[in-house]
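Below: the structure, in structure tokens.
The values are calculated or read from the model by the stated rules, or taken from the named source; none is laboratory data. In this text, all values refer to a predicted model and were calculated from it rather than measured experimentally. Please note: Cβ atoms are built from the backbone with ideal geometry, for glycine as well, and neighbour counts cover all protein chains shown.
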Amino acid sequence: MQKYEAAMDKGLEGVVACSTSVSSIVDATLLYRGFAIEDLAKNSSFEEVIFLLWNNKLPNKEELQSLQQNLLSNMSFSDKEILQLKTLPIKGVHPMAWLRTAVSVLSLLDLKSQSTKKEDQLFIRNSLTGKMLSLVALLNCIREGRDLLPIQKEYSMAWNFLNSLQGKEPTDEQVKVFDTCLILHADHSLNCSTFTARVTASSLSDIYSSIVSAIGALKGPLHGGANEEVLKTLKEIGSTKNVEPWLQNSLKNKYKIMGFGHRVYKNGDPRAKILKSMSKSLCEKSGDSNLFEMSNLLEELMKKEKNILPNVDFYSATVYNSLGILSDLFTPIFAASRVSGWLAHVLEQWEQNRIYRPKGQWKGKINQLWKPFDQR
Ligand code: COA
């Protein structure tokens, strides 16, 4: 018998796959370039966080303004892009599948998509980061038979996104809440989709291919797709009195409770704490606290029964719902924020590239011999 090396843990738990200085989880908190997520969520803006992730420093006023204007101009599409994007099927199509294909379409229309020149790659990075939020708004507009509203350069990306999504100007509070959500989702060390983006980049494929792969990975319910599932769960439960029997039944059947658990945080996800307080205040203000109360009770019971705590997806669902956003757009919005982190990682990967090529521990037969049909 062949001797095998020890198998890695399933799911690569604890395996160090690369070195990175984009973001990290240190003790119980998340750091972007060394800055705590709580600090950034309270004091920063999404555009400033993007600058930080891409440049490894906070911007001065001029640098921030310049990036903001650049990203805002990239939030608009050319007529050719709109024409092609409008031909994509939308009926019965999940928005994440649409987004994945839409990014591919943009790559076909970008004559520099295969360029290996750094200046072209930086151009694509900025362009994709602006366009991803607008793609989500565009999809909603196509579904509602409206056009995207023109970008207003004196406002933020969050403001412009909500403006087009809703077809009317958002309030300051809505913009602040949404901007904070974008900050919280922007990066998260070597999560599944970021690793996917880096793996694709490691073969020296192009930026668009890395982002398309990452969108595909984020789509799954064990990753970004969980936020949409959380709202489905809460709607299925219906009221606080149903939470306990629903949970008992789900645990008895070994169902995974969406929005709970994490590979790295075992004492709670710092982003969930920030989102919880936003969810509470938004639900109270709306006069309908039912979803928040159900969430809170589910959290208490999950802690008691399994000692498993909420992750970023749990309270983001009720926050987005309070902003009037449809649940099938929750994961695309996650992608439109996370693209900033994916792109920081792709470029970092290329600075220190070696193709990813792990081994699989063989557990099948060996020494098999081909036989003709009559001997099988
Ligand atoms: N509901 C119920 N049980 C859960 C759970 C959840 N959400 N998350 C973890 N567990 C349990 C597992 O069943 C397992 O129990 P066991 O040892 O008795 O089999 C144990 O906790 C360890 O979980 P495991 O799935 O091995 O953790 P992981 O590190 O592989 O996976 C997640 C992490 C996030 C994928 C997992 O917690 C999960 O599926 N959560 C729900 C989906 C979700 O919210 N994803 C978004 C992540 S940000």
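Report, by residue number, each residue of the range 206-235 that is within 15 Å of the ligand (Cβ to nearest atom) and outside any helix (DSSP H, G or I).
Correct list: Lys219, Gly220, Pro221, Leu222, His223, Gly224, Gly225.
Of Glu38, Glu48, which residue is farther than 23 Å from Leu309 by Cα and surrounded by fewer than 20 Cβ atoms within 10 Å (Cβ to Cβ)?
After ruling out the rest, the residue left standing is Glu48.
If you take the residues in the range 267-285 that are under 28 Å from Cys192 (Cα atoms) and free of Cβ contacts under 8 Å to residues at least 24 places away in the same chain, which one is surrounded by the fewest Cβ atoms within 10 Å (Cβ to Cβ)? Step through it out loud before you land on a result.
First, the residues of the range 267-285 that are under 28 Å from Cys192 (Cα atoms): 267-279.
Add one more test, that the residue is free of Cβ contacts under 8 Å to residues at least 24 places away in the same chain, and what stays is 273, 277.
On the way: Lys273: 15, Ser277: 10.
Once the filter is applied, the top-ranked residue is Ser277.
Let's see how each residue does on (1) modelled with pLDDT under 95; (2) over 19 Å from Asn140 (Cβ atoms); (3) assigned to a loop (DSSP other than H, G, I, E, B):
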site	(1), (2), (3)
Glu47	no, yes, no
Ile50	no, yes, no
Trp54	no, yes, no
Pro59	no, yes, yes
Glu63	no, yes, no
Leu71	no, yes, no
Phe77	no, no, yes
Leu83	no, no, no
Thr87	no, no, yes
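Being away from the ligand (no atom under 14 Å from the Cβ), β-branched (Val, Ile, Thr), crowded, with 24+ Cβ neighbours inside 10 Å and under 23 Å from Ala102 (Cα atoms) is the requirement here; does Ile183 meet it?
no
List the residue pairs whose Cβ atoms are under 6 Å apart, where the first residue sits in the range 316-338 and is among the aliphatic types (A, V, I, L, M), the second is outside any helix (DSSP H, G or I), and the two are 6 or more positions apart or on different chains.
Taking only residues 6 or more apart or on different chains, not a single pair turns up.
Please pick out the residue among Glu228, Glu173, Glu244 that is acidic (Asp, Glu), out of contact with any Lys or Arg (no Cβ under 7 Å at 6 or more places or on another chain) and buried (at least 24 other Cβ atoms within 10 Å of the Cβ).
Exactly one of Glu228, Glu173, Glu244 is acidic (Asp, Glu), out of contact with any Lys or Arg (no Cβ under 7 Å at 6 or more places or on another chain) and buried (at least 24 other Cβ atoms within 10 Å of the Cβ), namely Glu228.
Against the condition within 13 Å of the ligand (Cβ to nearest atom), of a type in the set (D, E, K, R) and without any contact (Cβ under 8 Å) to a residue 60 or more places away in the chain, how does Glu299 come out, does it pass? Break it down into steps so the answer makes sense when it comes.
Details: within 13 Å of the ligand (Cβ to nearest atom): yes; of a type in the set (D, E, K, R): yes; without any contact (Cβ under 8 Å) to a residue 60 or more places away in the chain: yes.
Here the answer is yes, as Glu299 does meet what is asked.
Given the conditions (1) assigned to a helix (DSSP H, G or I); (2) within 16 Å of the ligand (Cβ to nearest atom), which single one is not true for Leu30?
Failing condition for Leu30: (1).
Only residues that are farther than 13 Å from Lys276 by Cα and of a type outside the set (Asp, Glu): list them for the range 287-311, please.
Gly287, Asn290, Leu301, Met302, Lys303, Lys304, Lys306, Asn307, Ile308
Tally up the residues in the range 59-88 that are free of Cβ contacts under 8 Å to residues at least 12 places away in the same chain and either surrounded by 15 or more Cβ atoms within 10 Å (Cβ to Cβ) or touching a Ser or Thr at 6+ places or on another chain (Cβ under 9 Å) (or both), please.
Looking only at that region, the number is 1.
Take the residues in the range 186-205 that are in a helix (DSSP H, G or I) and away from the ligand (no atom under 16 Å from the Cβ), then tell me which one is nearest to Leu122 (Cα to Cα).
From the range 186-205, those in a helix (DSSP H, G or I) are 192-202; that's our starting set.
This time we only want the ones that are away from the ligand (no atom under 16 Å from the Cβ), so: 197-202.
Details: Ala197: 16, Arg198: 16, Val199: 19, Thr200: 18, Ala201: 15, Ser202: 17 Å.
That would be Ala201.
Scan the range 263-294 for residues that are of a type outside the set (D, E, K, R), modelled with pLDDT of 95 or more and within 14 Å of the ligand (Cβ to nearest atom) and jot them down.
Pro270, Ala272, Leu275
Can you list residue pairs whose Cβ atoms sit under 8 Å apart, with the first residue in the range 206-219 being within 13 Å of Gln121 (Cα to Cα) and the second being surrounded by fewer than 20 Cβ atoms within 10 Å (Cβ to Cβ) and acidic (Asp, Glu)? Count only pairs 6 or more apart in sequence or on different chains.
Tyr208/Asp110
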